[in-house]
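Notes to accompany the following structure.
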Amino acid sequence: MNKLFLLPVLILLLQSCESKPKRSIEDSSQKKDNTEEWTKEKDREIAGSLYAKFDNDDLDDDFNIVKNEDELVQKVLSVFLSAQKKKHKFNLINNSILYNNAEAFYSTFFTVSEKKVCTIRIEYAELESIQNISGEKKNLIEKIKLRFNNQKQKIQVIGYELSYRKDAKYITKSFNFITGKYIAASKFNNRTKTVDGWSAELQNIYADNWIFPFLRDKIFWYGEEIE
């Protein structure tokens, strides 16, 4: 009688043991797929690339930062637009020579918002100070905002921010290339000095306008009086 009672129990235990490894393998496989997907996207982010909506359709566009064989433009933001099946490029200019008369390594980072605005951040490695030389600009950081102008079918520069430390002053400059408005500020001994204005030459700036002479001959001089 006891043997007859134990037989169904043993059958149930065997069925339970057989089913457990199967569920474990399925869970492991699912976890592996998620890990591979996360790693692939993370690798793209680290490499300076991502998919995001930028033009006027609902498909993702392909963003990549690529190396460029040029002393001033060592990196380029390349955007493949799904609507046009075409690449657009934006030069990431090395401005260390402009602001410090010496070339420094620069790092680039970018994001694309839900409003289809691409924000690029450029950071420069610190240069060694030179004795008896004043006017060095330390902690130089640039931030560039881009959008795709569907009417013009061009990459438009809509904003630019620049910050650096000169001697004991902390300088910030901001440009709105839609309105032509600019503002510059310097902080020293807990005091802030600002200057602002408007200029027609700061409106309607596109990727083909973003060249070294424009930054050197125009942008560089705005807000000079607060330094």
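The values are calculated or read from the model by the stated rules, or taken from the named source; none is laboratory data. Just so it is clear, the model here is predicted, and its values are computed rather than measured. Counting neighbours? That spans all protein chains shown, and the Cβs are built from the backbone with ideal geometry, glycine included.
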note = Among the residues of segment 101-115, the number that are of a type outside the set (A, V, I, L, M) and in contact with a strand residue (DSSP E or B) (Cβ under 6 Å, 6 or more places away or on another chain) is 6
Only listed residue being over 14 Å from the mean Cα position of the chain (by Cα) and surrounded by 14 or more Cβ atoms within 10 Å (Cβ to Cβ), chosen from LYS89, LYS143 = LYS89
Pair list, Cβ under 6 Å, 6 or more apart: segment 95-117 residue more than 14 Å from ILE144 (Cα to Cα), other residue at pLDDT 95 or above and of a type in the set (Val, Ile, Thr) = TYR106/ILE122
query = Can you tell me how many residues in segment 181-203 are in contact with a Gly (Cβ under 9 Å, 6 or more places away or on another chain) and surrounded by 14 or more Cβ atoms within 10 Å (Cβ to Cβ)?
reply = 8
task = Report, by residue number, each residue of segment 171-227 that is touching a residue at least 40 places away in the same chain (Cβ under 8 Å) and aliphatic (A, V, I, L, M).
result = ILE171, ILE183, ALA184, ALA185, ILE205, ALA207, ILE211, LEU215, ILE219, ILE226
ask   = Mind checking whether some residue in segment 128-139 is within 19 Å of ILE211 (Cα to Cα), small (Gly, Ala, Ser) and without any contact (Cβ under 8 Å) to a residue 24 or more places away in the chain?
value = no
